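Heads up, the thing below is written out as C-alpha cells.
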Amino acid sequence: MTTLSLGLQHVRVVALAVTDMARATKFYGETLGLAPAYEHGIMLGYGLGPNILMLKDDWYGTPTAEPNPRITLACDYAPDTAAFLQARGVTIADAVVAIEEGFYIGSFLDSEGNKLWFCSPLQRQENQPE
C-alpha cells in the first residue's frame, strides 16, 4: 500500500446525517442489504468494502439531496499526522483525542475551509505492503 508522507492511507468512513435512526437502519440494513460494520465490538455503521458508511442522528448536519458526507481518512498514527499537518501550516480544527472505540481521531481544514477527519488505531501501526 502506498501512503503519503503524512501517513494518510485511504477514506475509512463516510458519515451521513439522518433524522430517524430506526428508519435509516432499516433502509441500509434491510432495504440495501448492507452488513453491519463493527470495530472493537461496537457497531459503527455499514460496511462497503474496506469503508464504513456511518449514520449520524446527533450531528450538526441534516439530510439533504445535496452532497453532505463527512469524510474520515485512515492514517498510520493520528498524533504524527497532526504534527505533520501543523508543521505545514494546516489548521487543526479538532485536536486528536482518543475515543473509547479504540481510535485516535482529529480533523483539519482544507484550503477552502472544508473539514476532513483523520483516524488511527490507538497503537501505532506499521505500513504493511500489499
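The values are calculated or read from the model by the stated rules, or taken from the named source; none is laboratory data. Note that the coordinates shown come from a computational prediction; the quantities given were computed from them, not determined experimentally. Cβ coordinates were reconstructed from backbone atoms using ideal geometry, including for glycine residues, and neighbour counts include every protein chain displayed. Areas reflect the complete protein model, heavy atoms only, side chains present, ligands, DNA and RNA absent. Shrake-Rupley method; radii C 1.70, N 1.55, O 1.52, S 1.80 Å.
Worth a mention:
- Under Karplus coefficients 6.51, -1.76 and 1.60, residue-wise ³J(HN,Hα) of segment 46-56 in Hz, glycine/proline x: 10, x, 9, x, x, 9, 10, 9, 9, 9, 10
- Percent RCO, i.e. relative contact order, over segment 1-91, from Cα pairs under 8 Å lying at least 6 residues apart: 42 percent
- Sulfur and carbon atoms: percent of accessible area, the chain [1.4 Å]: 53 percent
- Label separation (His10 vs Ala87): 2.7 nm, computed from points 7 Å beyond Cα along the C-beta direction.
- Accessible surface calculations at 1.4 Å, restricted to protein heavy atoms, place segment 1-104 at 59 Å² per residue.
- Around the Cα centre of the chain, unit charges on the Cβ atoms of Lys, Arg, Asp and Glu (plus for the first two, minus for the last two) sum to a dipole of about 100 debye.
- A protection proxy built from the mean count of other Cβ atoms within 10 Å ranks the segments 75-86, 23-34, most packed first, as 75-86, 23-34.
- Working note: Karplus 6.51/-1.76/1.60 with θ = phi - 60° gives segment 80-92 the couplings 5, 4, 4, 4, 4, 4, 4, 5, 9, x, 7, 6, 8 Hz, where Gly and Pro are set to x.
- Selection from Pro63, Ala93, Gln9 lying farthest towards where the dipole of the chain points positive, charges on Cβ: Pro63
- Note, ³J(HN,Hα) from phi for segment 13-30, Karplus 6.51, -1.76, 1.60, rounded to Hz, x at Gly and Pro: 9, 10, 9, 10, 6, 9, 9, 10, 4, 4, 5, 5, 4, 5, 4, 6, x, 9
- Angstrom value of the Kirkwood radius, inverse mean 1/r, which spans all Cα pairs in the chain: 15.7 Å
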